[in-house]
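Would you mind keeping the following structure in view while I ask a few things?
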Amino acid sequence: MLKLAAVSLQIATNTVLQDISFSVQQGEFIGIIGPNGAGKTSLLRVIQRALLPSAGQIWLHGKPLANYHNSELARTVAVVCQGALPLFALTVEQVASMGLLPHKRWFEKVSSHDRAVVSRALATVGLGDKALCQVDKLSGGELQRVFIARALVQQSHLLLLDEPTNHLDVKYQHQILQLVRNLAVPVLACLHDLNLAARYCDKLLLLANGRQIMFGSVQQVLQSEVLEQVFDVPCQVSTDNCYGTLQVSFMPTALTERAVF
C-alpha cells in the first residue's frame, strides 16, 4: 500500500537520503533502524510530505503521493512524533478528538458517531477510564497512548511513528509497541533499540549516512557483520531462548586512554 522507488532528498548541498526503495504491505510493522544521522526521521518526513524528495517516486494506495490533496493526505496518514509535549489544560478526550479534524468542515459539530469513535480509540489504548483527565497529569507511556488514540480517531490507512518509545521506561516501551503491533493498520516506525525492533517488527529498513543498507526480514537485516560495519562497534547476534527472537549485543572495546573531564 506504500511504495518508494529510488527516493532521494537533497537539502542545500547536503544529501540526506539517497536511492531509498522499499514497500509496506497491509498489516506490516516496518522498523527503520540505523545510527544517529542516518536519515530515519527525514525519511518519515518525506513520506508524510513535510519534505519533498529531490528524486524518486512515492505511491500510496497506487496513487502518487504528490497527487494527494493536503486534506486527503491528512485522512490517510497519521503521525506520532517523538518528544510530543503535553497539551496543558486539555483532557485526554479532547486531545484524542483532534483526530477528527481532517474529517470535519469548519464549525461542524461533533456528532454522537464522532464521540463513539473517540471512545473506542481510548478503549483500544486502555485509557477509557481517563477520558476526562488532563494530559499534563499523565505518565510518559500514557501520553504516548493518547497520541496513538488520536491517530486511531483519524482513521488513517498508515501510521508513522518517530521513536515512539524514546525516554520511556522499559514497561511502557513494550506496552506501546505491543499496542501498535496489534493495530489493524500498517506501521512504519523509527526505532533506536534494535532488540525492541527484533521482537516487534515484521521487517526492517537499515539506513546509514542516508543510504539504504538492507531491507528485509528481521533475520536478514540483523546480521552481526552488517551491524558492526554500520554502527562501528563489535556486535554479536544470538537467539533469545525465551521468545525465539534475535538478541543484539554490542561489545565496545576498552578505551586505550583514560578519559579526561
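Write down the percent of antiparallel bridges among all DSSP beta bridges whose residues are both part of the chain, to the nearest 5.
60
Given axes a ≥ b ≥ c from the Cα gyration tensor, I'd like to know whether the stretch 205-253 is rounded (a/c under 1.5), prolate (a/b larger than b/c) or oblate.
It comes out oblate by the Cα gyration axes.
Under a point-charge model restricted to the Cβ atoms of Lys and Arg (+1) and Asp and Glu (-1), what is the dipole moment magnitude of the stretch 157-254 relative to its Cα centre, in debye to the nearest 20?
With only Lys, Arg, Asp and Glu charged at Cβ, the dipole is about 240 debye.
Percent relative contact order of the chain, based on C-alpha pairs within less than 8 angstrom and at least six residues apart?
Here the relative contact order equals 24 percent.
Exceeding 28 Å between C-alpha atoms, which entries from my cross-link table qualify? They are Lys137/Lys203; Lys63/Lys130; Lys40/Lys171; Lys104/Lys171.
Violating the 28 Å limit, Cα to Cα: Lys137/Lys203; Lys63/Lys130; Lys104/Lys171.
Which of the following values of semi-axes √(5λ) of the Cα gyration tensor in Å was calculated from the structure shown: (1) 25, 23, 20; (2) 27, 23, 18; (3) 33, 24, 17?
Looking at semi-axes √(5λ) of the Cα gyration tensor in Å for this model, the match is (3).
Which aspartates and glutamates have a Cα lying under 17 Å from the Cα of Lys109, excluding residues fewer than 8 positions away in the same chain?
Lys109 reaches Glu93.
Based only on Cα atoms, what Rg/Rh ratio does the stretch 1-126 have, Rh being taken as Kirkwood's radius?
1.02
I'd like the distance between the alpha-carbon centres of the stretch 93-129 and the stretch 1-37, rounded to an integer number of Å.
A separation of 31 Å, based on Cα centres.
Read-outs: derived from the displayed coordinates by stated rules, not from any lab. For clarity, every value in this text was computed on a predicted model and none was experimentally measured. Here Cβ is always computed from backbone atoms with ideal geometry, including for glycine, and neighbour counts include all displayed protein chains.
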